[in-house]
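Following: one structure in structure tokens, then a few remarks.
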Amino acid sequence: MKNILVTGGLGYIGSHTVVELIENGYQPIIIDDLSNTNIGVLERLKKITGLDVPYYQNDVCDITVLRKILVDHQIDGVIHFAAFKAVGESVQFPLKYYQNNIGGLVSLLHAMEQCNIKNIVFSSSCTVYGQPDISPVDENSAIKVANSPYGNTKQIGEEILRDCSFLNAVALRYFNPIGAHPSALIGELPLGVPNNLVPFITQTAAGIREKLTVYGNDYNTKDGTCVRDYIHVVDLAKAHVKAIAFIDKNSTNHFEVFNIGTGNGFTVLEIIEAFETTNQVKLNYTIGDRRAGDVEKVWANTDKATNTLGWKAALDLNTMVESAWKWQLSLS
Ligand code: UD1
């Protein structure tokens, strides 16, 4: 495989994956509708890689455009990031999520089938495990009823891939991606008030937000705050390159899922402490009520990814929060 279509390739995880693909000798081609990023990322990708990456500003729901790109660029495989990801918004506007996340995936798969392309890596999420009975969770842990339309689109997305027997597909179940590229040229660009913890921390430290609210300190965890498996976005991006190589070697495998995390759980207070200590910045925060729908604790067993993909997270928490802060500072 050589030519890889990256849908949502100008987004947070997509842009980091484009860099890793180029560094590993692949030719990425990007399609992105700019609904949650901006065109400046393309120029930044050129600064990092020295290459002009072919780019189409289109919606993945547009099957005619997709077919043309697949044929014109002789695409060998697809990494599909293009999707909405705000849990709260998905509760408010479920059809927006089903239309884009499920409609987009179905259009893409139709176009792939018609063009005889079977290789795909899909962005899934640890949200499919809901509140697990025990952590770490492995890929055989129970899939729980989704607690949001967003989570449901990830579960349904996996089921669609499983049902499409013409595919050679991998779903990567991401835990909590944070951090930014060491160049500080690309990173997360939340529109409006961030929902996720680390962008909220960095914006508070930068004075854009007054203070961070820690959502609850009465959970059954070591300090009462929720536990997550935070993973550096660069490690996560590398997992996609390994998944492409796996698909290339195992063309008879129809569908595989992999957890992509570090295997370590950290509380919200531990993240704040790591941020303050590593960056020598004081954070204004307060303890508030629990956030509806939050999972108490979840972290990954990553043995399958290590043994089968030959991938393991390498970057530690300090590197994650340091790069997140460097990125935030570069924005001001
Ligand atoms: C969730 C999903 C994840 C999904 C992501 C999309 C789970 C376990 N994870 O991530 O799959 O991709 O949404 O956005 O369902 N927090 C605060 N204050 C804040 C923000 C967050 O205390 O202002 C806390 C949360 O309560 C949570 C932790 O920080 O304990 C991480 O929150 P967040 O970054 O929003 O990610 P998840 O909710 O874990």
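The values are calculated or read from the model by the stated rules, or taken from the named source; none is laboratory data. A quick note: this is a predicted structure, and the numbers were derived from the prediction, not measured. Backbone-built Cβ (ideal geometry, glycine too); neighbour counts: all protein chains shown. Keep in mind that these areas ignore ligands, DNA and RNA; they rest on the heavy atoms of the full protein, side chains included. Shrake-Rupley method; radii C 1.70, N 1.55, O 1.52, S 1.80 Å.
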(message) VAL321 - would you say it is closer than 22 Å to LEU172 by Cα, in contact (Cβ under 8 Å) with a residue 40 or more places away in the chain and either within 16 Å of the ligand (Cβ to nearest atom) or under 16 Å from the mean Cα position of the chain (by Cα) (or both)?
(response) no
(message) Consider segment 151-162. How many of its residues are open to solvent by 30 Å² or more (accessible area, probe 1.4 Å) and not polar (S, T, N, Q)?
(response) 4
(request) Pull up segment 163-187, narrow it to residues that are open to solvent by 30 Å² or more (accessible area, probe 1.4 Å) and within 30 Å of ALA274 (Cβ to Cβ), then point me to the one that is nearest to the chain's Cα centre (by Cα). (result) PRO177
(request) Please work out which one of (1) surrounded by fewer than 24 Cβ atoms within 10 Å (Cβ to Cβ); (2) within 15 Å of the ligand (Cβ to nearest atom); (3) part of a helix (DSSP H, G or I); (4) under 23 Å from the mean Cα position of the chain (by Cα) is the condition LEU191 fails and give its number. (result) (3)
(message) Being among the aliphatic types (A, V, I, L, M) and open to solvent by 10 Å² or more (accessible area, probe 1.4 Å) is the requirement here; does ALA205 meet it?
(response) yes
(request) Answer with yes or no whether GLU273 is part of a helix (DSSP H, G or I) and open to solvent by 30 Å² or more (accessible area, probe 1.4 Å). (result) yes
(message) Out of everything in segment 211-254 that is part of a strand (DSSP E or B) and under 19 Å from the mean Cα position of the chain (by Cα), what residue ends up being farthest from ASP294 (Cα to Cα)?
(response) HIS232
(request) Please determine, by comparing only the residues of segment 134-155 that are within 14 Å of the ligand (Cβ to nearest atom) and among the charged types (D, E, K, R), which one is modelled with the highest pLDDT. (result) LYS154
(request) Would you please list the contacts, defined by Cβ atoms under 6 Å and residues six or more apart or on different chains, that run from a residue in segment 283-306 that is under 30 Å from ALA171 (Cβ atoms) to a residue that is more than 10 Å from the ligand (Cβ to nearest atom) and among the hydroxyl-bearing types (Ser, Thr, Tyr)? (result) LYS297/SER135; VAL298/SER135; TRP299/SER135
(message) Exactly one of these conditions fails for ASP235: (1) more than 10 Å from the ligand (Cβ to nearest atom); (2) open to solvent by 10 Å² or more (accessible area, probe 1.4 Å); (3) of a type in the set (D, E, K, R). Give me its number.
(response) (2)
(request) Among what's in segment 288-332 and is basic (Lys, Arg) and assigned to a helix (DSSP H, G or I), pick the residue that is farthest from ALA239 (Cα to Cα). (result) LYS326
(request) Please tell me if VAL128 is more than 19 Å from LEU34 (Cα to Cα), in contact with a Lys or Arg (Cβ under 8 Å, 6 or more places away or on another chain) and buried (at least 16 other Cβ atoms within 10 Å of the Cβ). (result) yes
(message) For HIS110, only one of the following conditions fails: (1) under 18 Å from the mean Cα position of the chain (by Cα); (2) open to solvent by 40 Å² or more (accessible area, probe 1.4 Å). What is its number?
(response) (1)
(request) Filter the helices (runs of 4 or more DSSP H) completely within segment 1-107 down to those with at least 2 residues that are more than 19 Å from the chain's Cα centre (by Cα) and surrounded by 15 or more Cβ atoms within 10 Å (Cβ to Cβ). (result) 40-49, 63-72
(message) For the structure I just gave you, tell me whether ILE39 is under 24 Å from LEU172 (Cβ atoms) and of a type outside the set (Phe, Trp, Tyr).
(response) no
(message) So, in segment 273-318, exactly how many residues are among the basic types (Lys, Arg) and more than 11 Å from the ligand (Cβ to nearest atom)?
(response) 3
